[in-house]
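Since the structure comes first, as C-alpha cells, the remarks are kept for the end.
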Amino acid sequence: MGAGFIYPEMFVVAAFAATFGGYFMPSRQTMMRIRFVGCACSALYFLSVGADTGAIASSIACIGTFIQSIVPERYLKKTLMLRTGIAVFLASCAIIVFWGSQSIFSLLGSITARLSEVQSCTQRIRLGFMVGHGFWLIYMVQEGLLPYFIFESIMLLASAATFLHAEHKKRRALVMTAL
C-alpha cells in the first residue's frame, strides 16, 4: 500500500479533518485557510495513488483556496472582479488539462468549488461545495478510490448538515427579532 511509513490513507484522514473542520468555521477567511490544507492533502493522496487527474484538480483547488484565504473580509467587494477572474483562469486551466479526459467529474468538482469560493456569504460557499462534492463522488466511483469515496460521502453529508443548521439558525433569529 504505502512506501515506508507513508500510507496514502494518512492523506485522506488529514484532508478529511481539515475539510470537515472548515465547514464549522464562522468566517469565510478561516474556512478558506482550513480548506487550503485539505486541498493540499487531497492532492498528495491522489498523487500517491496515481490518480493524476484528481491530483491536478486538487492542486488547482489548492491554489484557488490559498488565493481566497489571503483576501481579508473588508476587501471582498473591492477584489470580486479580480478573484472571479482568477477563478475563471484556474477553471480554464483545468479545462485545458482535462480536455478529452475520462475524469471530467473531477474537473467539474474543481470548477464548482472555485466559482463558489468567490462568494462572500459562507452559506453560498457551502452550497457550491455540496455540488462540488457530488461531482467528486462520481469521480471516486470511476477511479475506484474507496477511502476517498467514503471521505467525500461524509463531506457531502456534513456540508448539507452545516448548511441546514445555518439556515435554521438564520430563521430562528428572524423569528426572535419579529417577536
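Let's see how each residue does on (1) within 30 Å of Tyr7 (Cα to Cα); (2) part of a helix (DSSP H, G or I); (3) modelled with pLDDT under 85:
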| site | (1), (2), (3) |
| --- | --- |
| Met31 | yes, yes, yes |
| Gly38 | yes, yes, no |
| Ser48 | yes, yes, no |
| Ile60 | yes, yes, yes |
| Arg74 | no, yes, yes |
| Leu82 | no, yes, yes |
| Ala87 | no, yes, yes |
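For segment 111-154, what are the residues that are among the small types (Gly, Ala, Ser), under 20 Å from Tyr45 (Cβ atoms) and part of a helix (DSSP H, G or I)?
First, pick out the residues of segment 111-154 that are among the small types (Gly, Ala, Ser): 113, 116, 120, 128, 132, 134, 144, 153.
Next, from what is left, pick out any that are under 20 Å from Tyr45 (Cβ atoms): 113, 132, 134, 144, 153.
If the condition is that a residue be among the small types (Gly, Ala, Ser), under 20 Å from Tyr45 (Cβ atoms) and part of a helix (DSSP H, G or I), then Ala113, Gly132, Gly134, Ser153 are the ones that fit.
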With respect to Phe66, is the statement that it is over 18 Å from Met155 (Cβ atoms) and aromatic (Phe, Trp, Tyr) true? yes
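The values are calculated or read from the model by the stated rules, or taken from the named source; none is laboratory data. In this text, all values refer to a predicted model and were calculated from it rather than measured experimentally. Cβ: placed from backbone, ideal geometry, glycine included. Neighbour counts: every protein chain shown.
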